[in-house]
Amino acid sequence: MNTVLHNFIVFEGLDGAGTTTQMKLLAETCDRQERSCHATFEPTSNPIGRLVRSVLQKQVVTTPLALAMLYAADREDHLNNPVTGIVGKLEAGQLVISDRYLYSSLAYQSVECGFERIQQLNQFPAPRFIFYIDTPVEECMRRIESRGSELELFERRDFLLTVRSNYERIFSELPGGVRFVRLDGTLARETIARQVAEVLRNDGILD
Ligand code: TYD
């Protein structure tokens, strides 16, 4: 995990924290500045990612370890796929923004599989930036329930409480070269987006 992929930015947070919204808002900022960027997400919409989603939606039943392996396989493809992979986009000079990355596996899959096992499965390069949208579990559950759709596998108060403390552990042990930025997920989405853009401007990534 020592390699750092420059120009690779990830958003992390609990279900309902607002990572998807911020990924999209940052992509819009890039577009406005005519900065070439690729906005993406995990689980992906590729075949392995779709299999993961069918487990999350409880259409397919498997074990926690098999699911952890699927997330890792989806990530390997997400990074290194010879046609669509993130590494190729970075090499072509694009900024890559991902809604979730390996820190989601470390936080979520560790609950049932243990931290060491999940770390072994996720020997992938680190991003340059992690924006962690820190949103209280109660607020996340309120947002998830207000969507009115069936709850997914991990959308449970007790589970998310454990995920939240796992995130804290992971972020206290990040390798050098990774910039970690905590954002208050209870702020307005536009305020958070401005804070993200400000950090990236200070780093010379955005104008
Ligand atoms: P999410 O981005 O929240 O999906 P949606 O667009 O449906 O809201 O991610 C789906 C779920 O997968 C979420 O509960 C977090 C979980 N997850 C993991 O458990 N491990 C992982 O490695 C990733 C990427 C996501």
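The values are calculated or read from the model by the stated rules, or taken from the named source; none is laboratory data. A quick note: this is a predicted structure, and the numbers were derived from the prediction, not measured. Reconstructed Cβ throughout: ideal geometry from the backbone, glycine too, with neighbour counts over all protein chains shown. What goes into the accessible areas is simple: the full protein's heavy atoms, side chains included, and nothing from ligands, DNA or RNA. Shrake-Rupley method; radii C 1.70, N 1.55, O 1.52, S 1.80 Å.
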Picked from region 27-51 (must be in contact (Cβ under 8 Å) with a residue 40 or more places away in the chain and farther than 22 Å from Leu14 by Cβ), the residue least open to solvent (accessible area, probe 1.4 Å) is Cys30
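Kindly provide the set of residues from region 89-112 that are within 15 Å of the chain's Cα centre (by Cα) and more than 12 Å from the ligand (Cβ to nearest atom), ordered by number.
Pass one, region 89-112, residues within 15 Å of the chain's Cα centre (by Cα): 96-109.
Hits for region 89-112 are Val96, Ile97.
Every residue, every condition in (1) touching a helix residue (DSSP H, G or I) at 6+ places or on another chain (Cβ under 6 Å); (2) within 26 Å of Leu200 (Cβ to Cβ), yes or no:
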{"site": "Gly85", "(1), (2)": "yes, yes"}
{"site": "Gly93", "(1), (2)": "no, yes"}
{"site": "Arg128", "(1), (2)": "no, yes"}
{"site": "Arg142", "(1), (2)": "no, no"}
Any residue in region 52-63 that is more than 9 Å from the ligand (Cβ to nearest atom), out of contact with any Cys (no Cβ under 7 Å at 6 or more places or on another chain), among the charged types (D, E, K, R) and free of Cβ contacts under 8 Å to residues at least 24 places away in the same chain? no
Search region 64-83 for residues being away from the ligand (no atom under 12 Å from the Cβ) and under 27 Å from Ser149 (Cα atoms), and hand back the single one that is least open to solvent (accessible area, probe 1.4 Å). Ala66
Could you tell me whether Ile86 is surrounded by 16 or more Cβ atoms within 10 Å (Cβ to Cβ) and under 13 Å from the mean Cα position of the chain (by Cα)? no
